[in-house]
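Have a look at the structure below, then the notes.
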Amino acid sequence: MPRRLGEKERKTGYMYFNVENVKTSMSLDEILEIIFSRGEEYRRIAREILEGIKEIAIKEDRKTLTISSGEMSKIISEKLGSRRKSMAYRVLSEFLIPMGLISYRREDGTYTVSQDFRNALIRIGTAYVRWMKR
């Protein structure tokens, strides 16, 4: 049984990108390169988790990219190994969940690939344009 997740504050890290390299047809690896510009291991863990959720949800023919806590535990064990378990849950609780890439429902113990990340980036862009016009 995975530990209970709560949002944790991110301690370090920088999101970096060259605006000319951002395209609408970027792969997951390219997106994660921006988000985890300094953390290669975090980037690898995030990719395994996100791809694992997508793979299970598609295989099970689910309407949304959602998995159970047990399935998340299985992804972490099989794809990352027991030695990376605590780091995987750190990536989830300090990055993927607070940044809106994944949502976690405590009530039923499910993880869902979320659009909150996308929506937050749109709000940042909107706020920036409003600031420019003041």
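Give me the distance between the Cα centres of the stretch 74-134 and the stretch 36-60, rounded to whole Å. Computed from Cα coordinates, the inter-centre distance equals 11 Å. Adding -39500 (n - 2.57) for every DSSP H run of four residues or longer, then dividing by how many residues the chain holds, sets the calculated 222 nm ellipticity at -14000 deg cm²/dmol. Among the GluC sites (Glu not before Pro) in the stretch 63-134, those placed in a DSSP loop whose Cβ has at most 15 other Cβ atoms within 10 Å are Glu107. The charge dipole of the chain, taken about its Cα centre with unit charges on the Cβ of Lys, Arg, Asp and Glu (plus for the first two, minus for the last two), comes to roughly 460 debye.
Neighbour counts of other Cβ atoms within 10 Å put Leu96, Leu101 in the fewest-to-most order Leu101, Leu96.
Here, each number is a calculation from the coordinates, and none is a lab measurement. Everything numeric here is computed off the predicted structure, so don't read it as measured data. Counting neighbours? That spans all protein chains shown, and the Cβs are built from the backbone with ideal geometry, glycine included.
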